[in-house]
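The values are calculated or read from the model by the stated rules, or taken from the named source; none is laboratory data. Treat the numbers as computed from the prediction; the structure is a model and nothing was measured. Neighbour counts are summed over all protein chains in view; Cβ atoms, including those assigned to glycine, are modelled from backbone coordinates with ideal geometry. Ligands, DNA and RNA are stripped out before the accessible areas are found, and what is left, the full protein with its side chains, is counted by its heavy atoms. Shrake-Rupley method; radii C 1.70, N 1.55, O 1.52, S 1.80 Å.
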Amino acid sequence: MARPLVGFHDGCALHGALATAAAIEGVTPLVHSTPGCALRGAFSSTGAQNFRGAPIHLSPISSTNLAEKHIVFGGASRLREQIKNTLSVLPRGLLVVITGCPTEMIGDDVPAMVREAVTQGEAVVDVGAAGFLGSAHRGYERLVSVLASRVGELNLAPASEAPGLVNIFGIVPRYDETWASDLDEISRLLAGVGLTANPIFGPGGGLSSLAALPKAVASLVLSPWGLAPAQALQEKSGVATVVADGLPIGADAVEKLLRQLAAATGAVEETAIERLLSSERRYEDFALDETLDALSRLGRRRVALVGNSLLAGSLARFLVSTLGWEASALVLTDEPDGPLPTDLAGRVVATADGVETAAAIRASGADFLIAGARYGALAAELGIPLAAIADLGGRASLSGGFVGARGAARLLAALTATPVAPKLFTPQAALAAR
Amino acid sequence: MSAKPKHIAIYGKGGIGKSTTTSNISAALAESGFRVIQIGCDPKSDSTVILRGGAELPTVLDSLRDRSRPKLEDISTLGFGGVLCIEAGGPVPGVGCAGRGIAAAVDLLEELDVFGTFKPDYVLYDVLGDVVCGGFAVPIRDGIAEAAFVVASSDFMAIFAANNLFKAIDKYAATGGARLGGVIANSLQTPYARDLLDDFAARTGTEIVGYVPRSQAVAQSELYGQTVIEAQPYSEQAEIYRALARRVVGDHPTRLPKPLDGPDLKDWAKQWGDRIFGVEHGAKNSAARL
Ligand SMILES: Nc1ncnc2c1ncn2[C@@H]1O[C@H](COP(=O)(O)OP(=O)(O)O)[C@@H](O)[C@H]1O
Ligand code: SF4
Ligand code: SF4
Ligand SMILES: [Mg+2]
């Protein structure tokens, strides 16, 4: 992010780590930074328009709120005090100390303060998440990697046995807006073939979920941000890593994913897969039938897609293979590391910058836009329909997910939500003609 | 005396003699009747010890710790000849941000209207070692010191630090930062030291404004917590400091230095290394022949 960004799509690494920690029930985030860092966490996850002050939707956040004297003389003793105070008022669980730019720059010895608390029997870990390290997604990657590699030292209550447990990595709470809904549906699908998902975050996760990480038969990686955590866990506890092609949208993607998991774990019955797939296919066919009329009115579209790497590539694949649409541009707003999807080579841009994104949309010649609601004005200007898949506020996390046939159904509903009047006949045109 | 005080910053690597030299300059100026403020911008907080006989002096940044708004009397004391001694203070080595400390201390002194209250003729800043980051460049940035001097010896690290200061000066000059007054050669002992420094000055388009020899007088005075000006006012060394003081505050061309870049500096050092080594080698050989 070493350049000015306009209309930024992501928070900073600290915000990602903060949202990630806050999404694990029983975890208290402690921000070791200047006051704005914790507060801006709310700002960057809801967008400036929706900012209403303190982040009421996040669990209690503790913060050292450093003043100038702490910058000059070091903030470590302030941190020691805040760890103690936090533990005295909040229920025991896990305290995650998240350091921001100022403390990383002056080199506060945070690990020493954390070690001190740990030797006193407290469950505390620290993660360096200075905003200059990258985006919110980077913050998720860093925090979850730390948790995965140090879970054994955290004094957590031992997890109960869960045969066929699969850790789900790569869905970033809040910054991937449909996170909770997607985790929920993946959990349902895995349960359908006798596996148990370990979602870590949201209502299905929590401290016991963290404790169970090393007991899993596999770690499922759904976006590039989940790879480092899965590898950390593999190194430490030998849990196999299964890298999927993004979020499984539609029945075909579900099939591919289940077969990958079956091969890696050897713990899935073929008959169970077949049973689940047939129900997925029926659901998807039903959804296609229901929207057929509206879809045929839309016709085959050249679509520009703007979203995080968890979602955007899979969406494009679904649209191309199931609807026969063409993907004319793919903008990955979380700026993932590593190679970009090859099946869309030449049409993929990784940028968190709103202006660059708008330019890519314009240049694509798309006649349909799938992007955050913030691109409504641009879509209106270009005179093309917009299916909003982000900037939807909290509701997307509850009911907006795109996993499986149900996710595909929601996508179809979103595609056809923008009414497209037949080009040949509109009442206005008819009136004007008269 | 004058309406507008002249602010001068003195830099140089740690232990090179900044505080000793600055304090003697302050003492010499005070002796001639000028009102002088010396501000130590070094977390070591020992810039003004030999001006104030080692008396206890709370630092400016100490007041940050308890968030109190200090009064000028709390953070300053009058030393030899009425020099107002101030120590910016800072964190202990290895923690916190000394650079921000300097910036915060300078801000606080401004808020306290130190210069308006004391009405000095000269303000001398004695600034810590290498200019490692923006914080240490505060005194040479817009609106604070108008000229910067660097104390150096013939030691390569001292010259490296001087060269870094030149870079900082060039960087800030465009936005109203300090100009370079020149180089103060200190603790010269070896026969080649003077030539080496002269050559460095010539290469970088600067000037040596004074040669201060290594002297017993300095060490002796220091033991009494005094400057040479105070302890041995009639010594040769005291005269040298007086001349230096006149030169430092006097009107002279301030300039933009031409720092050497990394490879050039290395080549230059190597050349001198060959020369010096050659000299000593030669000396040894001739000694062996005897
Ligand atoms: N010209 C000199 N002759 C002898 N000793 C000197 C001379 N200049 C400095 N010193 C001694 O060198 C030591 C370091 O000097 P100081 O002024 O404290 O360095 P700095 O402020 O650059 O860290 C002191 O003990 C001081 O007495
Ligand atoms: S970018 Fe740095 S200073 Fe800004 S909110 Fe993030 S951690 Fe804090
Ligand atoms: S390098 Fe400078 S800015 Fe960075 S911590 Fe040290 S003193 Fe502060
Ligand atoms: Mg000193």
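Tabulated data
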read-out: Charge dipole of the protein assembly as shown about the Cα centre (unit charges at C-beta), most positive-ward option of A:Leu183, B:Leu84, A:Pro111; value: B:Leu84
read-out: Residue-normalised accessible area of chain B, given per residue in Å² at a 1.4 Å probe; value: 45 Å²
read-out: Share of alpha-carbon pairs per 20 Å distance bin for the protein assembly as shown, given as whole %; value: 15, 34, 26, 19, 5, 0, 0
read-out: Derived scalar couplings ³J(HN,Hα) [the stretch B:27-37; Karplus, 6.51 cos²θ - 1.76 cosθ + 1.60; whole Hz; x for Gly, Pro]; value: 5, 5, 5, 4, 4, 8, x, 8, 8, 10, 10
read-out: Estimated dipole of the stretch A:165-274 in Debye, rounded to 20 [Cβ of Lys and Arg +1, of Asp and Glu -1, Cα centre]; value: 420 debye
read-out: Anisotropy class of the stretch A:13-153 from Cα gyration tensor, a/c 1.5 cut; value: rounded
read-out: Highest-fluctuation residue, A:Val217, A:Val118, A:Val348 considered, GNM on chain A with Cα pairs under 10 Å; value: A:Val118
read-out: Principal-axis tilt of helix B:236-249 within chain B, Cα atoms, nearest 10 degrees; value: 70 degrees
read-out: Accessible-area composition of chain A, carbon plus sulfur, in percent [1.4 Å probe]; value: 56 percent
read-out: Averaged over B:55-62, number of beta-carbon atoms from partner chains that fall within 10 Å; value: 1
read-out: Environment charge at B:Thr254 (Cβ cut-off 9 Å; Lys +1, Arg +1, Asp -1, Glu -1); value: +1
read-out: Neighbourhood charge, 15 Å Cβ-Cβ cut-off, centred on A:Pro111 and excluding it, Lys, Arg +1 and Asp, Glu -1; value: -3
read-out: Sequence-separation-based contact order of the stretch B:96-177, relative, with Cα cut under 8 Å and 6+ spacing, percent; value: 31 percent
read-out: Debye, to nearest 20: dipole size of the protein assembly as shown, +1 on Lys, Arg Cβ, -1 on Asp, Glu Cβ; value: 740 debye
read-out: Estimated Rh, the stretch A:287-433: Kirkwood, alpha-carbon pairs, angstrom; value: 15.9 Å
read-out: Straight-distance crosslink candidates among aspartates and glutamates, where the alpha carbon sits under 14 Å from B:Lys119 and sequence neighbours closer than 8 are dropped; value: B:Glu110
read-out: Accessible area that becomes buried as B packs against A, both chains, 1.4 Å probe, Å², nearest 100; value: 1000 Å²
read-out: Rg followed by Dmax, in Å, when chain A is reduced to its Cα trace; value: 22.7, 85
read-out: Average beta-carbon neighbours from other chains, 10 Å sphere, peptide A:68-80; value: 6
read-out: Peptide B:96-103 - average C-beta neighbours from other chains (10 Å radius); value: 6
read-out: GNM result for chain A, Cα springs below 10 Å: residue of A:Ala262, A:Ala408, A:Ala21 fluctuating most strongly; value: A:Ala262
read-out: Within a Gaussian network of chain A (alpha carbon springs, distance under 10 Å), most fluctuating of A:Gly107, A:Gly354, A:Gly152; value: A:Gly107
read-out: Stretch in chain B that is longest and holds no chymotrypsin sites (Phe, Trp or Tyr not before Pro) that DSSP places in a loop and that have at most 16 other beta carbons within 10 Å; value: B:1-191
read-out: Two-site label geometry, A:Arg362 and A:Lys84: point separation in nm, points 7 Å out along Cα→Cβ; value: 5.8 nm
read-out: Cleavage-rule hits, trypsin sites (Lys or Arg not before Pro), the stretch B:171-253, DSSP coil, Cβ neighbours within 10 Å at most 10; value: none
read-out: Crossing angle, helix B:193-203 versus chain B [Cα axis fit, 0-90 degrees, rounded to tens]; value: 80 degrees
read-out: Antiparallel %, DSSP beta bridges [both residues in chain B], to 5; value: 10 percent
read-out: Within chain A: Cβ-based charge dipole about Cα centre, in debye rounded to nearest 20 (Lys, Arg +1; Asp, Glu -1); value: 720 debye
read-out: Sum of -39500 (n - 2.57) over DSSP H runs of 4+, divided by residues of chain A (222 nm, nearest 500); value: -13500 deg cm²/dmol
read-out: Share antiparallel - DSSP beta bridges, the protein assembly as shown, percent rounded to 5; value: 5 percent
read-out: Value of [θ]222 nm, deg cm²/dmol, for chain B, DSSP H segments ≥ 4, -39500 (n - 2.57) each, nearest 500; value: -13000 deg cm²/dmol
